[in-house]
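Worksheet: the structure to be examined is printed underneath.
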Amino acid sequence: NLVHQDINADIANSMLAHFDKSVEKMLPIWSFYGNETWCMIGYHAVSVLADMIVKGVKGFDYERAYEAMKTTALNDHYDCLPDYMRNGYVPFDKEAESVSKTLEYAYDDWTIYHTALLAGNRSVADTYKKRAANYTNVFDTNMGYARPRYADGRWKENFNLLNTHGEGFIEGNALNYSFYVPQDVDNMIRLMGGREKVLADLTDMFEKTPGDYLWNDYYNHANEPVHHVPFLFNRLGMPSLTQKWTRDICRNAYHDKVTGLVGNEDVGQMSAWYVLAAAGIHPICPGDGRYEITSPVFDRVEFRLDPAYAAGGSFVIEARDNSPENIYIQSATLNGKKYDKCYLTHDDLATGGTLVLQMGAKPSDWGKD
């Protein structure tokens, strides 16, 4: 979406061709050799298309994409989708992966809501805004975490935050997945008990994570559902902790050897995380146009923008006095003017310019407001 919008337009058109040929009338879930395998949860093609639309990618039919997104989200191939829409969550007595599915469906629904707003369709936007809030129905506010729930409303007993794979969750546990509300971080924080509790929980989570970041019960970088989590510190008013942990992950979870990736590459996501984080930016919520700023690994990164899509020729991130010790941002300027926000918008990047970060060895108050 930054440097190869033409390629992304081709991807969008391929997705729409898949939709046209699909016997289920579905955007691809996990397509292999042109056939659907159904081996992943959620319907995340809608989030990819929504992100392209929000960021102004040209070369595919927005209205056709919009209709395909809605049709996919209503498809009855999902055995648990009627229960999701009826109850406002996937019941655990109907589906062993109930909480993970509820959280991922709700995020995808939010991207359709946001796209409907852009399309000016208030009725569809209202429908999907309600569906996007379904994540609230699997948060046990007494506990402060997401928890499996039966169709009659009861919470699952004998609940353990860490040992929950297959007990309402898939490829993760309740600790990992409770932070999976990228579309509504502020309300997620409220449901989990407020800023101080969530800050303490996140800090504890990272401090208990093994230093090599291999598969574990805490911050499990080896699998994608937590890849946005280090950037949540920005949203909690502690950007120095985002800087600390992303630099640590870049240093210890990626290597130029056989064990260079801590988990399955999964069609490029593991490396894409590194490329963006090492450059100093990363989105929490694809579809909303916001990139979190973090500590760049590199002294200078230039995004060469396609002039057919972006007004600016390039966007540069420059880290002055950068080093393995100087990992904390002390101050910043954007195009020569003081900049105190810990995030950029896609429009900021597409306009072109230069973000200069002054680095230092100690945490600072930069970006807290």
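The values are calculated or read from the model by the stated rules, or taken from the named source; none is laboratory data. Keep in mind it's a predicted model, so treat the numbers as computed, not measured. Counting neighbours? That spans all protein chains shown, and the Cβs are built from the backbone with ideal geometry, glycine included. When the accessible area is computed, the model is the full protein with side chains, heavy atoms only, and any ligands, DNA or RNA have been set aside. Shrake-Rupley method; radii C 1.70, N 1.55, O 1.52, S 1.80 Å.
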- prompt: Tell me which lysines have Cα within less than 22 Å of Lys21's Cα, excluding those fewer than 8 residues away on the same chain?
  reply: Lys70
message: Taking 0.36 nm per residue of sequence separation and subtracting the Cα-Cα distance, how much length would be gained by fully extending the chain between Arg304 and Arg320, in nm to one decimal?
response: 3.7 nm
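Sort Trp30, Trp215, Trp366 by accessible area with a 1.4 Å probe, largest first.
Details: Trp30 85, Trp215 155, Trp366 15 Å².
Highest to lowest solvent-accessible surface, that is Trp215, Trp30, Trp366.
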- line: Checked the stretch 247-347 with the C-alpha gyration tensor, a ≥ b ≥ c its square-rooted eigenvalues, rounded below a/c of 1.5, otherwise prolate if a/b is larger than b/c and oblate if not; verdict oblate
task: Sticking with the crude label model, points 7 Å out along Cα→Cβ, report the distance from Leu261 to Asp369 in nm, one decimal please.
output: 4.2
query: Among the aspartates and glutamates, which have Cα under 16 Å from the Cα of Lys58 when same-chain residues fewer than 8 positions away are ignored?
result: Asp6, Asp10, Asp306, Asp347
task: In whole angstrom, note down how far apart the Cα centers of the stretch 265-311 and the stretch 13-33 are.
output: 27
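For Tyr150 and Cys39, what is the calculated FRET efficiency with R₀ set at 22 Å and r taken between the beta-carbons, to the nearest 0.05?
Details: r = 26 Å, r/R0 = 1.19.
For R0 = 22 Å, the calculated efficiency reads 0.25.
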- request: At q = 0.10, 0.11 Å⁻¹, work out log10 I(q)/I(0) for the chain with the Debye formula, treating every Cα as an identical point scatterer and leaving solvent out; two decimals please.
  value: -0.65, -0.79
statement: With all protein chains present, the chain has a carbon and sulfur share of its accessible area (1.4 Å probe) in percent of 51
- prompt: Short version: ³J(HN,Hα) in whole Hz for each residue of the stretch 132-145, in order, from phi by Karplus 6.51 cos²θ - 1.76 cosθ + 1.60 (θ = phi - 60°), x for Gly and Pro, what are they?
  reply: 5, 8, 4, 4, 5, 7, 10, 9, 7, 5, 5, 8, x, 9
Filtered GluC sites (Glu not before Pro), the stretch 298-369: DSSP coil and at most 16 other beta carbons within 10 Å: Glu325
- request: For the chain, with a Gaussian network of springs between Cα atoms less than 10 Å apart, report the residue from Tyr291, Tyr66, Tyr89 with the top mean-square fluctuation.
  value: Tyr66
- request: Convert each backbone phi in the stretch 210-224 into a coupling constant with the Karplus relation 6.51 cos²θ - 1.76 cosθ + 1.60 (shift: θ = phi - 60°), then list the ³J(HN,Hα) values in order as whole Hz, x for Gly and Pro.
  value: x, x, 8, 6, 5, 3, 7, 8, 10, 7, 8, 5, 5, 9, 6
- request: Please give the residues of the stretch 168-191, grouped as numeric ranges, whose backbone N is less than 11 Å from a label point set 7 Å along the Cα-to-Cβ vector of Leu161.
  value: 174-176, 178
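Given the -39500 (n - 2.57) contribution per DSSP H run of 4+ residues, what per-residue ellipticity at 222 nm results for the chain, rounded to the nearest 500 deg cm²/dmol? Before the final figure, lay out each step's value.
Numbers: 13 runs with 138 residues, N = 369.
Only helices count here, giving -11000 deg cm²/dmol.
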message: Please list, in order along the stretch 31-39, the HN-Hα scalar couplings obtained from phi with the Karplus expression 6.51 cos²θ - 1.76 cosθ + 1.60 (θ = phi - 60°), rounded to whole Hz, x for Gly and Pro.
response: 6, 9, 6, x, 10, 7, 9, 6, 8
In Å², nearest 10: area of Lys55 left accessible to a 1.4 Å probe: 20
message: Taking the Cα of Lys337, stepping 7 Å toward and past its beta carbon, and measuring to each backbone N in the stretch 233-260: which are under 17 Å?
response: none
field: Accessible area (Å², 1.4 Å probe, nearest 10) - Met85
entry: 90
Of Lys197/Lys337; Lys208/Lys338; Lys101/Lys244; Lys101/Lys197; Lys55/Lys94, pairs whose Cα-Cα distance is over 27 Å: Lys197/Lys337; Lys208/Lys338; Lys101/Lys244; Lys55/Lys94
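With every protein chain present, what is the per residue accessible area of the chain (1.4 Å probe, Å²)?
Working: 16010 Å² over 369 residues.
With the other protein chains kept in place, the chain gives 43 Å² per residue.
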task: Take peptides 229-237, 194-202 and line them up by average Cβ neighbours within 10 Å, highest first, as a rough protection proxy.
output: 229-237, 194-202
task: At a Cα cut-off below 12 Å, give the aspartates and glutamates reachable from Lys156, other chains included and same-chain residues fewer than 8 away excluded.
output: Asp93, Asp140, Glu167
- prompt: By how many nm would the segment from Leu118 to Thr71 lengthen if fully extended, with 0.36 nm per residue of separation less the alpha-carbon distance?
  reply: 15.1 nm
- request: Round to the nearest 0.05 the FRET efficiency obtained for Glu63 and Lys130 when R0 = 25 Å and r is the Cβ-Cβ distance.
  value: 0.65
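With a sphere of radius 11 Å drawn around the Cβ of Ala272, what net charge do the other residues whose Cβ falls strictly inside it have (Lys, Arg +1; Asp, Glu -1)?
Details: positive: none; negative: Glu224, Glu265, Asp266.
Neighbourhood net charge equals -3.
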query: Between Gly144, Gly268, Gly56, which gets the highest mean-square fluctuation from a Gaussian network model of the chain, Cα cutoff 10 Å?
result: Gly268
